[in-house]
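> Input: one structure, supplied below.
The values are calculated or read from the model by the stated rules, or taken from the named source; none is laboratory data. These numbers come from a predicted model, not from an experiment. Every residue, glycine as well, gets a Cβ built from its backbone with ideal geometry; the counts of neighbours run over all protein chains shown. Just so you know, the surface numbers come from the protein's heavy atoms only, side chains and all, with ligands and any DNA or RNA stripped out. Shrake-Rupley method; radii C 1.70, N 1.55, O 1.52, S 1.80 Å.
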Amino acid sequence: MADEYLEVPPELSRNVFLTTLDTVYNWSRRSSLWPMMFGLACCAIEMIAVAASRYDLARFGMEVMRPSPRQADVMIVSGTVTKKMVPQIVRLYNQMPQPRYVVAMGACATGGGPFKEGYNVVSGVDKFIPVDVYIPGCPPTPEALLYGMMRLQEKIKRQSVKTVPWYRKERDDIPVPVLGPDILDLRRKEEIKKISAQLADSEKYLERLETKTTQKA
Amino acid sequence: MAQAQSAVATESLPYNDVIPGAVVGRDGEALIVNREKLLELARYLRDHEGYDYLSSVTGVDNLTHPKRQGVERFEVVYHLYSTKRGGGPLVLKARAPEDDPEIPSVVSIWPGADFQEREIWDLFGVRFPGHPNLRRILLWEGFNGHPMRKDWKEAYYEEEHKPYSSRWPYGHYPREEYKYPWQEERAVYKDNLVFPKGFDPDRWQAPEVEYRLGQDIYRELEKLKTDRIIVNIGPQHPSTHGVFRMVVALEGETILGLEPEVGYLHRNHEKIGERNTYLMNIPYTDRLDYINSMSNNLGYVLAVEKLMGKVEVPERAKYLRIIMAELTRVLNHMFAIGFLLNDLGAFFTPALYALEERELILDLFEAASGSRMMCNYMRPGGVAYDVSEEWVAQAKKLVFERLPRAVDELDYYLTENEILLARTKGVGYLSPEDAIAYSTSGPVLRGSGVPYDIRKVEPYCIYDRFDFDIVTEDGGDVYARYMVRIREARESLKILRQALKDLPGGPVIGKKKYTFRIPPGEAYQRIEAPKGELGFYLVSDGTANPYRYHVRSPSFINLTALGPMCVGHKVADSVGILGSIDIVLGEVDR
């Protein structure tokens, strides 16, 4: 196959392999994904268990957990994302160099989980940062986390150097949310301003609460 | 109104002969205290009656309690114990009306009230005049309202009580209009958000936060002038055991002041718990201290059983509870030692040894309950599932052969290690008096030489049947706490050996498995969890849901002592001291 395009001397034909740039590029990236050492809640304990001897994340080249976001490739959001914490998470995400991946580990990071209704809980980290792989479970077993990381590797395998976003000029950083009276996503500023102004007129918010309670009775 | 009724009987109430007019009534076992006289009475109780240990301070909002209409709205409940005499609690209640929610701070008498009063201010909006640092603790400055008040509704609010009438099981709703929309679709902001009316994001200015960081000391070291600098450790830091932040004031490398900043994992456990039924709360307690879910279950179901009155627990279930709780303690102490070494710089190797044994214990938990970490195993009146013969054989093998060797191994490699000694001896000293005053518990208290173990002083379950010792160390430093953990793991194994040998047959839960009636009343049940005193305070109004549900978490209150312990040490030691307290953020922030 190869010698149609390139002259390979016969003594080298058993030593030189030809492949596409994408394959090499993706193979090297996915074989040494460095997760960020960053635990939020219960799931972090299972993440530690995955890094320990029985499950051994090192088999996948992922044992190098970096505490610094500057050296990390993948952020495992392991636990409940609270409103007080989300500015830090977004900031860490912005500090990670491209290419960067996010794994939402467990029910809480995926959609709020058992704590979804809580007043300080963000219903899923994907409200703020883009997520590549979701892992269900509360907490996911170590096997589930390993499977999730393997799915991420498969995802990386399918990317092409021609289309990946990180060689483009524009940056895709996310504005860091502000801790106001509640968590304030700056991308939704206008919308929030509009709804709050309407509330002042008709007090719809309170009305809604009252109808709900009367309906039950 | 309540005060007027009880004014007649004031003479017969205790302590009124010493401090006239201090106690104005009784509410069950609790004494209702006139808030003007609270400090005076508290000082008397500490100095003359020996109530030196303030276990728990919590707030109750009486707004919708059917039996407490006409009573002042806010109530602060104090649970006092004596470390010298042991025995049951003295419960004090101070009440404040809605328009003047102020109760004098008892921090000057029991410094352990510091964080707890801040929590009440944060969640209930009760002010504590005299508190040195009354800021929000779990939420942030500027948050909209005080969420644990009964009239504060969250964005996803549906009804007061679960199960919600709108939910159809498995989506089998009979008519199309009964289909309920997602919470995001219903909420006003299409998200979990509550803003005040007319909120304008452009004009928002965050309030200034002042930290309590000790005095400025400017010192001329020969020609070198040093300045005080403030360093933030966390919330994303490899040594803070999760999302925990320390604000540290340094001069050179010496710590002048340290203030813990928590709440980054505040998951509204209590608010959700008050909407849930009693049974629904058991899986939530798993997620408090997520390393020891079994002992959290145990504490909660004991509190519910106390509230229910007389509950017959089958003999086999009693033993299984002890076995699970003590396995958890071994697991936790090995984990804590592994990660203490992690913090001291022995990165991950000791932790790997600890985790190896953890996996074996988790296998047992998984076989018994179906889940590795979140066991959800205990029930009021017993335990959820029985264990098989093979399980018992496996547990015996682990407890009689493997775990004692594992503890010995840690002991052999670490206890005499020169680096460990250099890093831990004399670091983070806490005197016995301070340990009691700061309401610390568990290995921190016993590491300061105070022989106080709830399994002995106020026995619960069947701990009085087993032979074991209270472990104390006199050092009061990080090393002493480490030694307490090693020796306590051995004591736990001793209990486990006895319990596994005597494990009787029979059922594991009575007939009333899922439905039980809770009479109105209140209960405070504390257990000796691996990290310290874990207490559950429940107030029932006779419905299927707890009216008030409070968790007295050991990690949270042990953190009160972190600042004083760190002052004067180097910044690198603060991480080791934190590791020796052994916190879990799920429990700190709840």
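> Scan the stretch A:52-66 and give yes if some residue there is buried (at least 24 other Cβ atoms within 10 Å of the Cβ), out of contact with any Gly (no Cβ under 9 Å at 6 or more places or on another chain), among the aliphatic types (A, V, I, L, M) and within 12 Å of another protein chain (Cβ to nearest Cβ), otherwise no.
No: the stretch A:52-66 contains no residue that is buried (at least 24 other Cβ atoms within 10 Å of the Cβ), out of contact with any Gly (no Cβ under 9 Å at 6 or more places or on another chain), among the aliphatic types (A, V, I, L, M) and within 12 Å of another protein chain (Cβ to nearest Cβ).
> A:Arg151 - would you say it is under 14 Å from the mean Cα position of the chain (by Cα), within 14 Å of chain B (Cβ to nearest Cβ), surrounded by fewer than 18 Cβ atoms within 10 Å (Cβ to Cβ) and not polar (S, T, N, Q)?
Criteria not met by A:Arg151.
> Here's something else I'd like to know. Tally time: how many residues in the stretch A:120-135 are within 14 Å of another protein chain (Cβ to nearest Cβ) and out of contact with any Ser or Thr (no Cβ under 7 Å at 6 or more places or on another chain)?
5
> Among what's in the stretch B:80-99 and is of a type in the set (D, E, K, R) and assigned to a loop (DSSP other than H, G, I, E, B), pick the residue that is least open to solvent (accessible area, probe 1.4 Å).
B:Glu98
> Further question on the same structure: Can you name the number of the only condition in (1) over 25 Å from B:Met148 (Cα atoms); (2) in contact (Cβ under 8 Å) with a residue 24 or more places away in the chain; (3) more than 14 Å from chain A (Cβ to nearest Cβ) that B:Lys310 fails?
Failing condition for B:Lys310: (2).
> Let me ask you something else. Can you give me the ranges of the helices (runs of 4 or more DSSP H) entirely in the stretch B:258-319 with at least 3 residues that are in contact with a strand residue (DSSP E or B) (Cβ under 8 Å, 6 or more places away or on another chain) and within 18 Å of B:Gly510 (Cβ to Cβ)?
Ranges flagged: B:293-308.
> Identify the single condition in (1) of a type outside the set (Val, Ile, Thr); (2) surrounded by fewer than 21 Cβ atoms within 10 Å (Cβ to Cβ); (3) farther than 22 Å from A:Asp126 by Cα; (4) facing chain B (nearest Cβ under 10 Å) that A:Gln71 does not satisfy, given that it satisfies every other one.
If we test A:Gln71 against (1) of a type outside the set (Val, Ile, Thr); (2) surrounded by fewer than 21 Cβ atoms within 10 Å (Cβ to Cβ); (3) farther than 22 Å from A:Asp126 by Cα; (4) facing chain B (nearest Cβ under 10 Å), just (4) comes out false.
> Please go through the stretch B:448-468 and pick out each residue that is without any contact (Cβ under 8 Å) to a residue 40 or more places away in the chain and over 16 Å from B:Gly86 (Cα atoms).
Result: B:Ser448, B:Arg465, B:Asp467, B:Phe468.
> Testing B:Leu123 on (1) outside any loop (DSSP other than H, G, I, E, B); (2) surrounded by fewer than 20 Cβ atoms within 10 Å (Cβ to Cβ), one condition comes back false. Which one is that?
(2)
> Within the stretch B:231-256, can you find the residues that are in contact with a helix residue (DSSP H, G or I) (Cβ under 7 Å, 6 or more places away or on another chain) and small (Gly, Ala, Ser)?
Those that are in contact with a helix residue (DSSP H, G or I) (Cβ under 7 Å, 6 or more places away or on another chain) and small (Gly, Ala, Ser): B:Ser239, B:Gly242.
> Give the number of residues within the stretch A:104-114 that are more than 13 Å from B:Tyr284 (Cβ to Cβ) and within 8 Å of chain B (Cβ to nearest Cβ).
Counting residues in the stretch A:104-114 that are more than 13 Å from B:Tyr284 (Cβ to Cβ) and within 8 Å of chain B (Cβ to nearest Cβ) gives 1.
> Right, next: Name the pairs whose Cβ atoms lie under 6 Å apart, with the first residue in the stretch B:261-284 and over 16 Å from A:Pro87 (Cα atoms) and within 10 Å of chain A (Cβ to nearest Cβ), the second open to solvent by 10 Å² or more (accessible area, probe 1.4 Å) and of a type in the set (S, T, N, Q), and 6 or more positions between them or separate chains?
Pairs that qualify, where the first residue is over 16 Å from A:Pro87 (Cα atoms) and within 10 Å of chain A (Cβ to nearest Cβ) and the partner is open to solvent by 10 Å² or more (accessible area, probe 1.4 Å) and of a type in the set (S, T, N, Q), are B:Pro283/B:Asn376.
> Name the residue, out of B:Ser105, B:Ser56, that is of a type in the set (Ser, Thr, Tyr), within 25 Å of B:Arg526 (Cβ to Cβ) and without any contact (Cβ under 8 Å) to a residue 40 or more places away in the chain.
Of the residues listed, the single one that is of a type in the set (Ser, Thr, Tyr), within 25 Å of B:Arg526 (Cβ to Cβ) and without any contact (Cβ under 8 Å) to a residue 40 or more places away in the chain is B:Ser105.
> Of all residues in the stretch A:154-169, which are under 14 Å from A:Ser28 (Cα atoms) and open to solvent by 30 Å² or more (accessible area, probe 1.4 Å)?
Correct list: A:Glu154, A:Lys155, A:Lys157, A:Arg158, A:Gln159, A:Val161.
> So how many residues does the stretch B:24-79 have that are open to solvent by less than 30 Å² (accessible area, probe 1.4 Å), in contact with a Phe, Trp or Tyr (Cβ under 9 Å, 6 or more places away or on another chain) and among the β-branched types (Val, Ile, Thr)?
Residues that pass the stated criteria total 6.
> Please indicate, with yes or no, whether at least one residue in the stretch B:234-244 is under 30 Å from B:Asp573 (Cα atoms), more than 14 Å from chain A (Cβ to nearest Cβ) and more than 21 Å from the chain's Cα centre (by Cα).
no
> Is it true that some residue in the stretch B:287-304 is over 25 Å from B:Arg149 (Cα atoms), open to solvent by 10 Å² or more (accessible area, probe 1.4 Å) and more than 14 Å from every other protein chain (Cβ to nearest Cβ)?
Yes - at least one qualifying residue is present in the stretch B:287-304.
> May I ask you to list the residues in the stretch B:432-448 that are open to solvent by 10 Å² or more (accessible area, probe 1.4 Å) and among the small types (Gly, Ala, Ser)?
Correct list: B:Ala437 only.
> Residue under question is A:Phe38, and the condition is that it be in contact (Cβ under 8 Å) with a residue 40 or more places away in the chain, among the aromatic types (Phe, Trp, Tyr), touching a strand residue (DSSP E or B) at 6+ places or on another chain (Cβ under 7 Å) and at the interface with another protein chain (Cβ under 10 Å from one of its Cβ atoms); does it hold?
The answer is yes for A:Phe38.
> Quick check on the stretch B:546-590: of everything there that is farther than 20 Å from A:Gly39 by Cβ and aromatic (Phe, Trp, Tyr), which residue is nearest to the other protein chains (Cβ to nearest Cβ)?
Among those residues, the one meeting the criterion is B:Tyr549.
> Something else: Which residues, taken from the stretch B:23-55, are in a loop (DSSP other than H, G, I, E, B) and either of a type in the set (Asp, Glu) or touching a strand residue (DSSP E or B) at 6+ places or on another chain (Cβ under 6 Å) (or both)?
B:Glu29, B:Asn34, B:Glu49, B:Tyr51, B:Asp52
> Let me ask another. Do we have any residue at all in the stretch A:201-215 that's among the hydrophobic types (A, V, I, L, M, F, W, C), within 30 Å of B:Phe143 (Cα to Cα) and at pLDDT below 85?
yes
> Consider A:Glu117 against the criteria (1) in contact with a Pro (Cβ under 9 Å, 6 or more places away or on another chain); (2) over 27 Å from A:Val164 (Cβ atoms); (3) surrounded by fewer than 24 Cβ atoms within 10 Å (Cβ to Cβ); (4) within 10 Å of chain B (Cβ to nearest Cβ): it satisfies all of them except one. Which criterion is unmet?
Of the numbered conditions (1) in contact with a Pro (Cβ under 9 Å, 6 or more places away or on another chain); (2) over 27 Å from A:Val164 (Cβ atoms); (3) surrounded by fewer than 24 Cβ atoms within 10 Å (Cβ to Cβ); (4) within 10 Å of chain B (Cβ to nearest Cβ), the odd one out for A:Glu117 is (1).
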